[in-house]
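Each value in this text was obtained by applying a stated rule to the coordinates, not by laboratory testing. The structure displayed is predicted, hence computed values, not measured ones. Glycine also receives a Cβ, built like all others from the backbone with ideal geometry; neighbour counts cover every protein chain displayed.
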Amino acid sequence: MNQREQLQRNFEAELAAVRPELLAYGRHLLRRREDLPDTLQVILLTAYRRIEQFRPGTSFKAWIFQIATYEIFNLNRKYAREWKVRVPWDEELIDRAGNEMDPLAELEREAAYDRILRDPNVLANALDAELQSAIASLSPKERSVLLLRIIGEFSTSETAQMLGMPAGSVMGFLGRARR
């Protein structure tokens, strides 16, 4: 059995170990979540075609995440003109800001507090939406660095190598993303 055949056989096993993290990374980095299945397919196809470029003894996870990063960046660039963060106009919020102590607003806040006490998932879902919004507002490089470090659990030097930038830049992007 030649080296390519051996790499192809190991590909599926290596992929199974990193697939959940790869999915989470793609889900957070892609601008259009509906593109996740197609993008994942492109990533896997690209990796499979380039299997001979993988060096045994190195990190398969780092190698495939690097491919994923570039494929996702390319797709995001394609849709860059469509992507705009929109802040919804909330007439009620604006009205409440003008009224310091509105008894009706106080009752609504208490009702919301009671809903949270009865079902804590309400708060978790709201936080998830806020977190997703915060991640979406990051630049592509800040988002990549943050997700590679948190979801991928890569070191600063591994992240720098995958993104083709100095480790100091990775630390700078990470610091800005955390703010």
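Once each part is reduced to its C-alpha centroid, what is the distance from region 132-179 to region 1-36 in angstrom?
Between the Cα centres of region 132-179 and region 1-36 lies a distance of 20 Å.
Using 0.36 nm per residue, how much length does the chain from Arg178 to Glu153 gain when fully extended, once their Cα-Cα distance is taken away?
Length gained, Arg178 through Glu153: 7.5 nm.
Test of understanding: ordering Leu138, Leu22 by Cβ neighbours within 10 Å, fewest first, what list do you get? Present the calculation step by step, with values, prior to reporting the outcome.
Numbers: Leu138 19, Leu22 22.
In order of increasing Cβ crowding within 10 Å: Leu138, Leu22.
Quick one: if you stick a label point 7 Å off each Cα along the C-beta vector at Tyr79 and Arg19, how many nm between them?
2.3
For each of Phe65, Phe173, count neighbouring Cβ atoms within 10 Å of the residue's Cβ, then give the residues from fewest to most.
Result, fewest neighbours first: Phe173, Phe65.
Please give the peptides 30-41, 148-159 ranked by average Cβ packing (other Cβ atoms within 10 Å per residue), highest first, as a rough proxy for protection.
Per-residue Cβ counts within 10 Å, averaged per peptide and sorted highest first, yield 148-159, 30-41.
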